[in-house]
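Comments concern the structure below.
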Amino acid sequence: MLAVTATPDITSVGIVGGSLAGLFHAVALTGLGLDVDVWERSTGRPDDRGAGIVLQPGVAWFLRELCGVDPDRVSVPVTHRQFFTGDGNVRIMPMRQQMISWGAIYQALRDTLPAERYHDGQPVTALVPGPAGATVHVGEAARAVDLAIIADGSASRHRGLVAPDGAPRYAGYVAYRGVIDEADLPQELATRFGDRFSFWDGERSQFLCYFIPGDNGTTATGHRRMNWVWYTRADPPELARITTDRNGTRHGLSLPPGLLAPQVRTDLLASARSTLPEPLRRLVEHTTEPFLQAILDARATRMRNHRILLTGDAAFVVRPHTAASTEKAAADAITLLHALQQAPSADTALQAWERLRLAEGTAIHRQGVSLGRRLGLSGPETTAGTDDRTWWGAERRS
Ligand SMILES: Cc1cc2nc3c(=O)[nH]c(=O)nc-3n(C[C@H](O)[C@H](O)[C@H](O)COP(=O)(O)OP(=O)(O)OC[C@H]3O[C@@H](n4cnc5c(N)ncnc54)[C@H](O)[C@@H]3O)c2cc1C
């Protein structure tokens, strides 16, 4: 357990949302000796298909120091970047990085948090601020806590308590995504992508791919998964069309694996064949269940309302080009941990935390918008609306 220094006025913490941001905070604050509970709306194990994540230093530190997990054991190394060019050539440059899966991070966090502190299938129905904390309502039950943390994702229902102006906006483009078991890839294709982070920049379009751990976090060659992402523009009517599933149900901002409408899949394959370099086209062809997510922007101007904090994607949804969403969630938790350890009082700690995390979130948000613009992807923004749910944050475990 970490040393508690200056938080006698915070002993109980309630966290809304038990995905990565909620879990990072729960593990960090439990380690401080605080009495932490997490309420998660969905039930059961998450489906982590498609969740390739670049392992950044904060997450690696968190896994090693607070979960006792060696990051090298649960990630796949890449040694080079390779850039496919329009003339069929490939440019290669050395660059070491590690790729991890959403599921490997989630598992490490769940294994660290005492199971009885994670209440799944229990949506928080209301959060009521009080003079010395907040009351968390779950159905008929109510629990008073000294500190409440909102970690309910980009479609946050509770964000308005802290940042009423922080609703997400559609950035004008989507990411088609695919995951393929390495065993299902032709050997020469697997070798070609081996230990490389591959890119192709097209006309208002970008494709990238890399290997991530396979089932049960295995990183052995032959048992990994290829993870690809293809950014392409889609105006709002096109977004509505491609996120309408094979049964005619409209999903709004994302579509889980297995639900792509046949015509959308046909169009995707046709587009891959007419634009992508051959190895990348073959990845799309080998993908049995492509899925997609709209790219969103959300930027909070406040992250704290007295003893209620706003974290993770509920505070800032940043563009995936930054490879920083998960790192940002981990850094929110690490910064809170250090602030509570070092500040002379809890309220001073929370003030310092908000100042630091607002500055960082704003900087990453700007960087993402600028990268999107540089790739020619950004379009006029439209408000996404709080009724839209992303499958990775809302439907995945329902
Ligand atoms: C499968 C998957 C793939 C991803 N892929 C990428 C990627 O490729 N690139 C990238 O940048 N980011 C990706 N992300 C997002 C990235 O992981 C997040 O930025 C990071 O995990 C922080 O998310 P979060 O915990 O703030 O929100 P989320 O992961 O959206 O979690 C919010 C949680 O809150 C719960 N919840 C909502 N309302 C309530 C309520 N009222 N009561 C209780 N619980 C509630 C939801 O069920 C959900 O579990 C992915 C996430 C997932 C799950």
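Brief remarks follow.
- Surface share of carbon and sulfur [accessible, 1.4 angstrom probe, percent] for the chain: 49 percent
- Remark: the Cα gyration tensor places the chain in the prolate category, a/c being 1.5 or greater and a/b exceeding b/c.
- For VAL36, the amide hydrogen comes within under 5 Å of the amide hydrogens of VAL13, counting only partners 5 or more places away or on other chains and with H modelled in the peptide plane.
- 3J(HN,Hα) couplings calculated from phi for the range 283-290 with the Karplus curve 6.51 cos²θ - 1.76 cosθ + 1.60 (θ = phi - 60°) are, in sequence order, 4, 4, 5, 7, 8, 7, 10, x Hz; Gly and Pro show x.
- For ARG299, residues with placed amide H under 5 Å, excluding near neighbours: VAL317
- Rolling a 1.4 Å probe over the protein heavy atoms gives the chain an accessible area of 41 Å² per residue.
- For MET93, solvent-accessible area (1.4 Å; no DNA, RNA or ligand), Å²: 80 Å²
- Area accessible to solvent at GLU278, 1.4 Å probe radius, in Å²: 90 Å²
- Distant-in-sequence amide H partners of SER378 (H built 1.01 Å from N, under 5 Å): ARG373
- Protection proxy ranking for 132-140, 327-335, using the average of other Cβ atoms within 10 Å per residue and placing the highest first: 327-335, 132-140.
- The range 150-218 shape via C-alpha gyration tensor axes, a/c threshold 1.5: oblate
- When peptides 59-70, 148-159, 115-126, 294-305 are sorted by average Cβ neighbour count within 10 Å, with the highest value leading, the order is 148-159, 294-305, 59-70, 115-126.
- Applying the Karplus relation 6.51 cos²θ - 1.76 cosθ + 1.60 with θ = phi - 60° to the range 16-26 yields 3J(HN,Hα) values of 9, x, x, 8, 5, 4, x, 6, 4, 5, 5 Hz, where x marks Gly and Pro.
- Gyration tensor (alpha-carbon) shape descriptor, the range 199-276, a/c threshold 1.5: oblate
- Per-residue [θ]222 nm for the chain (sum of -39500 (n - 2.57) over DSSP H runs n ≥ 4, rounded to 500): -9500 deg cm²/dmol
- J(HN,Hα) series, the range 336-343, from Karplus relation 6.51 cos²θ - 1.76 cosθ + 1.60, nearest Hz, glycine and proline x: 5, 4, 5, 5, 5, 6, 9, 6
- Probe 1.4 Å - accessible area at LEU371, Å² to nearest ten: 40 Å²
- Residue of ARG91, ARG204, ARG169 that the Gaussian network model of the chain assigns the largest fluctuation, springs spanning Cα pairs under 10 Å: ARG91
The values are calculated or read from the model by the stated rules, or taken from the named source; none is laboratory data. This one's a predicted model, so the numbers in the text were calculated from it and none came from an experiment. We place every Cβ from the backbone using ideal geometry, glycine too, and count neighbours over all the protein chains shown. What goes into the accessible areas is simple: the full protein's heavy atoms, side chains included, and nothing from ligands, DNA or RNA. Shrake-Rupley method; radii C 1.70, N 1.55, O 1.52, S 1.80 Å.
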